1. Give me the net charge for the shell around ASP33: Cβ to Cβ below 13 angstrom, other residues only, Lys and Arg +1, Asp and Glu -1.
2. Under a point spin-label approximation (7 Å from Cα along Cα-to-Cβ), what is the VAL107-GLN59 distance to one decimal in nm?
3. Based on DSSP, what percent of beta bridges with both residues in the chain are antiparallel, to the nearest 5?
4. Using only helices, what value at 222 nm comes out for the chain when you add -39,500 (n - 2.57) per DSSP H run of length 4 or more and divide by the total residues, to the nearest 500 deg cm²/dmol?
Amino acid sequence: MQLYLNDTSPFARLVLVTALETGIEDIQLHWIDPWESPDSLTEVNPFSTVPTLTLESGQAIFESLFICQYLLGRCQKNTAVKWCDVDDLHRFSIGKTLMEMSFRSVVLQRFVAQPEIC
Ligand SMILES: N[C@@H](CCC(=O)N[C@@H](CS)C(=O)NCC(=O)O)C(=O)O
């Protein structure tokens with residue numbers, strides 16, 4: 001498996017921690033800048049986002065929670081996460097949405113031109 005990531009992405013960190021916690025060993029890390037839309041990434045994920053996980057079959061999974069779900073599904077250990085516990089899912093929903101909102105707000109400031117104030 002190959003995990004495409006960059007060092008500032010909170011979503012990539014979530015997947016990396018999940019990979020470490022689940023003891024996945026057959027994973028290679030590819031540090032890239034998704035904002036540059038590198039060919040190596042867009043060939044497997046046309047949206048050019050990290051994290052992206054590619055499997056031996058060549059299939060790619062993107063969206064951090066789907067990747068985590070795949071890694072947890074492969075894990076032999078019992079994990080603390082119970083994906084059918086509604087209280088857990090509610091807390092995760094809040095946390096993940098806060099991550100998405102915070103990230104979008106940083107990106108807008110960084111990449112959208114600010115109007116000049118005369
Ligand atoms: N909802 C996605 C968010 C992924 C995302 O926005 N990743 C950012 C880096 S933190 C990215 O790759 N941005 C590049 C781009 O949008 O071109 C997830 O949970 O994986």
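1. For residues surrounding ASP33, the net value is -3.
2. Roughly 2.5 nm, to one decimal.
3. Restricted to the chain, the bridges split so that about 60 percent are antiparallel.
4. Calculated at 222 nm, the ellipticity per residue is -14500 deg cm²/dmol.
Read-outs throughout are calculated quantities, based only on the coordinates presented, and are distinct from any laboratory measurement. Being a predicted model, the structure only gives us computed values, none of them experimental. Methodologically, a virtual Cβ is constructed for each residue, glycine included, from the backbone with ideal geometry; neighbour enumeration extends over all protein chains shown.
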